[in-house]
Amino acid sequence: MTAHTPSSVEAIHVPGSRRAAGGRRRGDELLSIGAVLTFLRDDFPEVTISKIRFLEAEGLVEPQRTPSGYRKFSPADVERLAYVLRMQRDHYLPLRVIREHLDAMERGEAPPALPAPDARPGPLDEADRELVAASGAVAGVRLGRAELLAAAEAGESELAEWESYGLLAPGPDGGYDGEALQVARLVAELGRFGLQPRHLRAIKAAADREVALVEQVVAPLRRHRNPQTRAHAEATARELATLSVRLHAAMVQAGLKARPAQ
């Protein structure tokens with residue numbers, strides 16, 4: 001990975017107040033969301049207007065509003081956005097932790113120590129962690145729509161878009177189980193790196209094909225009259241799902257290593 005050179009905004013210490021002036025711009029200069037996007041894309045090419053709006057909805061930045069409702073960002077707002085994006089990209093911090101960092105700095109306190117850049121688990125470790133988390137969260141969990149949004153750190157518009165692309169669906173009772181929560185969290189996390197639901201359709205299609213493969217193996221066992229055989233079918237399905245996810249992660253890891261350095 002090439003070394004990251006901070007922009008003029010990033011080079012400034014994140015202000016203690018969201019309204020503090022900073023950067024090379026005049027302290028009273030306010031920027032439109034389009035101008036902010038152009039400025040940030042020098043260092044964060046994956047950022048989008050939707051991402052900026054999402055960070056605002058999450059309370060990480062509070063731009064001013066004109067009488068007609070247009071957003072106007074101060075230099076301090078741009079600094080905060082750059083800080084959030086950098087913490088996500090370089091340290092893989094969730095928004096909850098980034099918010100704690102910003103709140104601490106606003107109080108004049110030192111933020112918690114940052115994890116080392118190379119402390120991020122590899123794809124296989126991540127796959128195992130997600131599988132363990134999902135298996136522990138499934139039993140008995142039923143979440144309402146508001147609860148799912150809060151747990152996934154997402155907004156209503158995001159959830160509606162996920163459902164429109166078939167990435168997520170409520171149960172017959174309108175609720176969501178633990179597996180749906182895991183999907184929502186992962187889709188939300190990918191979205192914070194600029195991957196939109198339309199980009200994830202290929203992953204959903206691949207998952208559907210893997211489900212079909214597993215069903216081919218276990219369907220005869222599930223139709224058996226012996227309860228023990230049917231129980232064995234469920235255990236086999238879980239094992240095949242685990243192996244499938246780990247195979248996918250291993251292939252992604254191998255593919256990334258095979259790519260020439262840019």
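Bear in mind these aren't lab numbers, they're just calculated from the coordinates by the rules spelled out. It should be emphasised that the depicted structure is a prediction, and the values quoted were computed from it without experimental measurement. Positions of Cβ are generated from backbone atoms using ideal geometry, with glycine treated the same way; all protein chains shown enter the neighbour counts.
Label positions at Q253 and R238, each projected 7 Å from the Cα along the C-beta direction, are separated by 2.3 nm. A simple count of charges around E234, restricted to other residues whose Cβ falls under 14 Å of its Cβ and scoring Lys, Arg +1 and Asp, Glu -1, yields +2. With K and R counted +1 and D and E -1, the other residues having a Cβ less than 9 Å from that of L167 yield a net charge of 0. Can you tally the net charge around L55? Count Lys and Arg as +1, Asp and Glu as -1, for every other residue whose Cβ sits under 12 Å from the Cβ of L55. Around L55, the charge tally is +1. Once backbone amide H atoms are built at 1.01 Å from N, L31 has F73, S74 as its partners under 5 Å, excluding neighbours fewer than 5 places away on the same chain. Applying 1/(1 + (r/R0)^6) with r as the Cβ-Cβ distance of A231 and E210 and R0 = 30 angstrom yields a FRET efficiency of 0.85.
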